[in-house]
Structure formats: C-alpha cells, structure tokens
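Worksheet: the structure to be examined is printed underneath.
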Amino acid sequence: NRQVILKRYVSGCPTVDDMEVVAGAVRLAVPPGSPAVLVKNLYLSCDPYMRTRMTRHSEHSNFVPDYVPGKQVLDNCSVCKVVVSGHPDFKPGDLLWGVTGWEEYSLIPNPMFCHRINHHEFPLSYYTGVLGVPGLTAYAGLFEVAKAKKGEHVFVSAAAGAVGQIVGQLAKLTGCYVVGSAGSDQKVNLLKTKFGFDDAFNYKKELDLNAALKRCFPDGIDVYFENVGGAMLDAVLRNMRHRGRVAVCGQVSQYNLERPDGVDLFQLVGKHIRMEGFLVSEYSGDYYRRFEEEMARYLEEGKVVCVEDVAEGIEAAPAALVGLFAGHNVGKQVVAVARE
Ligand code: NDP
C-alpha cells in the first residue's frame, strides 16, 4: 500500500522533497464488528489548502488539523471503491467520494461521512472537481455568499482552476458580465474560448493590476470571487462598486508566506462592501445533493464544461500538489491512482 507522507514541516514554497512515497502495510480486512469500509483509492484531489496543513500551528489551518510529519499519511478528498465492508449499507464495488489517505487503499472508519457517486455517466474524477468540493464551493460561494444576480459584473481570480472555471460558467449562466484572471496566456485563452468568460487577463503580464481591472470593468465590480489574496485583492477592492460583495474563498498567494501581505481593508468601510469568508463544509447534506443534481443537469446539457489535469500514479502526487503553487495545473488537478 504505497502512501504519501510529509517528511518535515514546510516553510515557503513546498517541494517534492518535502513529501515521500513510502510502502505501508496492506490490510485487506476491516476490524471485526466495526462499521468501517476498506476502499481502493481511484482519484486523489490536489487542493491548495493542503499546503496550509504542512506548517506547524499554521494560521490558515485552524479549521483542519496540520499533517504530522514522518508518520501520518496525507489526507484529502478522493474518489474510491469499496473493497471490504463492515457496514450493512455499503457493499464491495460501491463507488464513493470523501476523505481518504493519499495511498492506494484506505480504511474509512465511518463510511456514512462519504458521499455515494450517483452519476455514473460522467468521468469518476469529476467528483474531485465539478461534482465535488470545487464545484460546490463555486456554487455556494457565488450564490449563497456573494449572491450574484443577473446583469452584475463579476470578477474571478485563479479563474482557470478547479473552482474558478465553475464560478465563471455559473455566473455566465446567471446572466452576469464575467472576467477572470489567470497566470498564463494559455489559461486566458481557455477562459475566453472554452468557458465563455466575457474577458480575461494574464495577471503575470500586467504591470498594474488596478489598470487592468479598470480596463475590464470601467464601471466597477459588483462581485469578486476571491481565490488569491495579496496584491490582487488590494487592486480589486479599489475597483469595487458601492454595495459590492466579496466572497473570500481562498488566498492561494498567501499560503507560502510567513506573514500575509498587507491589504487596504479600509476600502470596505467607505464603500459599504460586504466581504465574507466561508467554508464549503457548511454546505453539505441536502444542499450538496441539490447542487449535485443541478450541476449534473448542466453537464448533461453542455451548459457547463470542465477541464482537468490528470497526473498518473501515486508517485506523481507530490509533484502534482507542488505544481499548484507554480500554476502548472490547467484546470482541476487530480491524481489517478487506479482507473477501476
Ligand atoms: P486551482 O485549481 O485554482 O489551483 C491553484 C491555482 O492558483 C494555480 O493553478 C495558479 O493558477 C494559482 N496560483 C498559485 N499561486 C498563485 C499566486 N501566488 N498568486 C496568484 N495565483 C496563484 O485551485 P482550486 O480551484 O482548488 O482553489 C482555488 C481557491 O479556492 C484556493 O484559494 C483554495 O484554497 C480555495 N478553496 C476554498 C474552499 C472553501 O471552502 N473556502 C474550498 C476549495 C477551495 P495561475 O496559473 O492562474 O496563477
């Protein structure tokens, strides 16, 4: 059972050497009398927040525990298949998504915390992306937190990523004017051609982010879906309209810093901007099921498309995770550990 562990706490940008793929014991059984299930992991999700769990007492990681270097297998959301079940409601062959280790086989103590895969007409990996946490995050952040409405001007950062690509498409479906930023011309092109954004720019090529936003939003921004923080957030706040809303989803530019960059939050006061943080975990249960059905319909009808970046094999997992911080991923980064 090959497993990915953290070798040491990380400072600055994570590297492949901070992790190690080790051989763990294979235990193809569940403890007698336990409701646990043993699963085979098929697709592992790579998510930027995993970096926040790689620092001791990380300020960012107060909602999930840090990984313990040297022994604990990394964990995150995965798509997996039940191999052995101690639970009456789960049987071998059932497909689930939920939190498992970054390893080939995992023991899930209580499978009731997992979701069943209901839509077999799509690639299973979609449950690490558009039909899983990133899709739900995009949906809840845009509609529950930012309350985006028809005709509004919406800006999304890290727009070609797992969350951003869905935010932009949902905002377009709502009748918004949508602009995204991304870190390469290839991604900018994807935003405009594949995802139907009205406009997009490569933030790495813009000398002045404030000027870039003014060019795209001469009348200002109603909704900012915040994925990156730092200089981009600062520039966006200067371009918000009165009573604009900022859904603070994440701040990937800050995760590798010892101390977060300064941002002029006073902009919120003068312009009555509502800026609200949220965690996707608030939107589970029935809310997730409603989302899943709606998103499956959009996918079926071709109203939403998604792009994935699939790394092959568990050995590729550390590099796939590290690549998120250099923008190597085009679309949702996922690791295919096994196909079936
Ligand atoms: P992505 O697929 O967007 O991957 C991360 C992307 O971030 C990279 O591809 C890169 O794209 C960009 N990036 C990396 N470093 C920087 C930097 N220094 N400055 C600007 N951009 C950078 O990841 P996700 O879609 O999974 O996550 C997007 C955001 O949503 C993250 O902040 C994440 O933490 C957050 N999130 C929050 C959740 C919640 O419950 N609140 C749930 C899920 C995600 P590029 O080439 O464009 O630079």
- Message: With an 8 Å Cα cut-off and a minimum separation of 6 or more residues, compute the relative contact order for region 133-281 in percent.
- Response: 22
- Item | Packing-based exposure ordering (other Cβ within 10 Å, fewest first) of LYS149, LYS172 | LYS149, LYS172
- Given that compact globular proteins tend to follow 2.2 N^0.38 Å, what is the ratio of the alpha-carbon Rg of the chain to that value? 1.00
- Message: Show me, bin by bin at 10 Å from 0, the whole-percent P(r) of region 133-281 based on Cα pairs.
- Response: 13, 47, 36, 5
- Item | Residues HIS242, HIS328, HIS115 arranged by fewest to most Cβ contacts within 10 Å | HIS242, HIS328, HIS115
- Query: Hey, got a sec? Which trypsin sites (Lys or Arg not before Pro) in region 240-340 land in a DSSP loop and have at most 13 other Cβ atoms within 10 Å?
  - Reply: ARG339
- Count neighbours as other Cβ atoms within 10 Å of each site's Cβ, and list the GluC sites (Glu not before Pro) in region 199-268 that are DSSP loop with at most 14 such neighbours. GLU258
- Kyte-Doolittle mean at least 1.6 and Cα extent at least 30 Å along the axis: which DSSP H helices of the chain qualify? none
- Item | Gained length - ARG241 relative to LEU207, 0.36 nm times residue gap less alpha-carbon distance | 10.0 nm
- Let me know the charge dipole size of the chain about its Cα centre in debye, to the nearest 20, where only the beta-carbon of Lys, Arg (+1) and Asp, Glu (-1) is charged. 360
- If R0 is 45 Å, what FRET efficiency do you get for ARG116 and ALA326 from their C-beta distance, rounded to 0.05? 0.80
- Query: For region 229-264, list residues with backbone N below 12 Å from a point placed 7 Å from the Cα of LYS271 toward its Cβ?
  - Reply: 233-246, 264
- Message: If you take every DSSP beta bridge fully contained in the chain, what fraction is antiparallel? Give it as a percent rounded to 5.
- Response: 55
- Query: With each label point set 7 Å from Cα along the Cα-Cβ vector, what nm distance links ALA23 and ARG339?
  - Reply: 2.6
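Readers should treat all values here as calculations from the given coordinates under stated rules, not as data from a laboratory. Being a predicted model, the structure only gives us computed values, none of them experimental. Methodologically, a virtual Cβ is constructed for each residue, glycine included, from the backbone with ideal geometry; neighbour enumeration extends over all protein chains shown.
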